[in-house]
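Novice: Let me give you the structure first, and then I'll get to my questions.
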Amino acid sequence: MSQALVVVNPAAGGGRSGSAWPRLRDALARAGLDFDWVATGASGDGVRLAREGVRAGHQLVVAVGGDGTVNEVVNGVTDADGLPLATTGAVLTGRGRDACRNFGVPTRWPDAAAALVSGRDAAFDLGLAAWADGRRRYFLGAAGAGFDAAVAARAASVAARGTLPYLFAVLATVHASRPMAATIGVDGTPTWQTPLTAAIVANARYFGGGMKIAPQADPADGVLDLVVLGALGRLELLRWLPTIYSGRHLAHPRITTRRASAIVVEAPVPLPTQVDGELGGTTPITITVARRALRRRVPRAG
């Protein structure tokens, strides 16, 4: 059996992964990776295929696709107790590529392929989102409730993918946005009871394709970074959204941060939620840190 299983999402990057896969496959072989590969065909396949690969004895499971593919593979190799059952790696072919920013995955495909062979294994934290209906999902970057999840829902409702459709989803969501009543508990203590635009819990600095939502977040520090966007009007929200890319949004007086191990978000009117950019259920949502639950192949110098 090959040491590695490569899980390819041909639809990632608007189909770029599928068209690039023959070249990527050759690059992995030239780098010296001993691997089998499988392709996803629908949402959730990455979780199932990664889990089957672990059961078959693969020690390294590699995601080829976007950040969503990486999330699925990680969920497939992490057990219910937060133990990594295999090392994960990635070659990012999607548009967002937050895993490159957050975990040091090389952006150039040949470099990413070489790191899978000559790199080292490093331990990182994951976040764990849990809903009232019993569903649970690990995340690498961020989970949230409110505005960010509403954008994800609107973007998912249209067939087109890419930067422009996403920006249109943002603008449409701003137009419809209004703060909603919510309660946020931090480490077992009710901390906020306030009108809320969004509550975002970050395991790492970047989400949403390069937005530096939590500039001080570190996926290896054992805690999560909570960013609360209070009652922001539509024009105010439109003005401040671009500052998230540089991290300057934290200067706003109604944006608050807190470091914590467990966060609960509840609301009288359920709010949508997202996990690594993918829609989850609705509030209430409980988010906890899963320390050292991710074993990741990173470049030797990283």
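The values are calculated or read from the model by the stated rules, or taken from the named source; none is laboratory data. Keep in mind that what you see is a predicted model, and the values were worked out from it rather than measured. Neighbour counts run over all protein chains shown; Cβ positions are idealised from the backbone, glycine included. For accessibility, only protein heavy atoms count, side chains too; no ligands or nucleic acids. Shrake-Rupley method; radii C 1.70, N 1.55, O 1.52, S 1.80 Å.
Novice: Collect the residues in the range 224-240 that are in contact (Cβ under 8 Å) with a residue 40 or more places away in the chain and either surrounded by 17 or more Cβ atoms within 10 Å (Cβ to Cβ) or among the acidic types (D, E) (or both), keeping them in residue-number order.
Specialist: Restricting attention to the range 224-240, the residues satisfying the condition of being in contact (Cβ under 8 Å) with a residue 40 or more places away in the chain are 224, 226, 228-232, 234, 237-238.
Selection gives L224, L226, V228, L229, G230, L232, L237.
Novice: Being among the small types (G, A, S) and touching a Leu at 6+ places or on another chain (Cβ under 9 Å): is that true of G66 here? If you could, list the steps in order and put the result at the bottom.
Specialist: Values: among the small types (G, A, S): yes; touching a Leu at 6+ places or on another chain (Cβ under 9 Å): yes.
In short, yes.
Novice: Please state which one of V289, V269, V265 is in contact with a strand residue (DSSP E or B) (Cβ under 7 Å, 6 or more places away or on another chain), closer than 22 Å to R178 by Cα and assigned to a strand (DSSP E or B).
Specialist: V265
Novice: Mind listing just one residue for me: the one in the range 241-262 that is open to solvent by 40 Å² or more (accessible area, probe 1.4 Å) and touching a Lys or Arg at 6+ places or on another chain (Cβ under 8 Å) and, of those, farthest from S177 (Cα to Cα)?
Specialist: Filtering the range 241-262 for residues that are open to solvent by 40 Å² or more (accessible area, probe 1.4 Å) and touching a Lys or Arg at 6+ places or on another chain (Cβ under 8 Å), the one farthest from S177 (Cα to Cα) comes out as S246.
Novice: Still on this structure, please answer the following. Just to be sure, is G53 farther than 24 Å from A130 by Cβ and open to solvent by 10 Å² or more (accessible area, probe 1.4 Å)?
Specialist: No.
Novice: What is the number of the single condition among (1) surrounded by 15 or more Cβ atoms within 10 Å (Cβ to Cβ); (2) modelled with pLDDT of 95 or more that Y166 does not meet?
Specialist: (2)
Novice: Go through the range 169-261 and tell me which strands (runs of 3 or more DSSP E), entirely inside it, have 3 or more residues that are of a type in the set (G, A, S).
Specialist: 180-186, 198-202
Novice: What's the number of the condition V269 fails, among (1) open to solvent by less than 60 Å² (accessible area, probe 1.4 Å); (2) at pLDDT 95 or above?
Specialist: Result: V269 passes all but (1).
Novice: Further question on the same structure: Only residues that are modelled with pLDDT under 95 and hydroxyl-bearing (S, T, Y): list them for the range 123-152, please.
Specialist: Hits for the range 123-152: nothing passes.
Novice: Among the residues of the range 27-50, is there at least one that is touching a residue at least 60 places away in the same chain (Cβ under 8 Å), part of a strand (DSSP E or B) and either more than 22 Å from the chain's Cα centre (by Cα) or closer than 18 Å to G96 by Cβ (or both)?
Specialist: no
Novice: Residues in the range 135-158: is at least one farther than 30 Å from G15 by Cβ and either surrounded by fewer than 17 Cβ atoms within 10 Å (Cβ to Cβ) or in contact with a helix residue (DSSP H, G or I) (Cβ under 9 Å, 6 or more places away or on another chain) (or both)?
Specialist: Yes, that holds for at least one residue.
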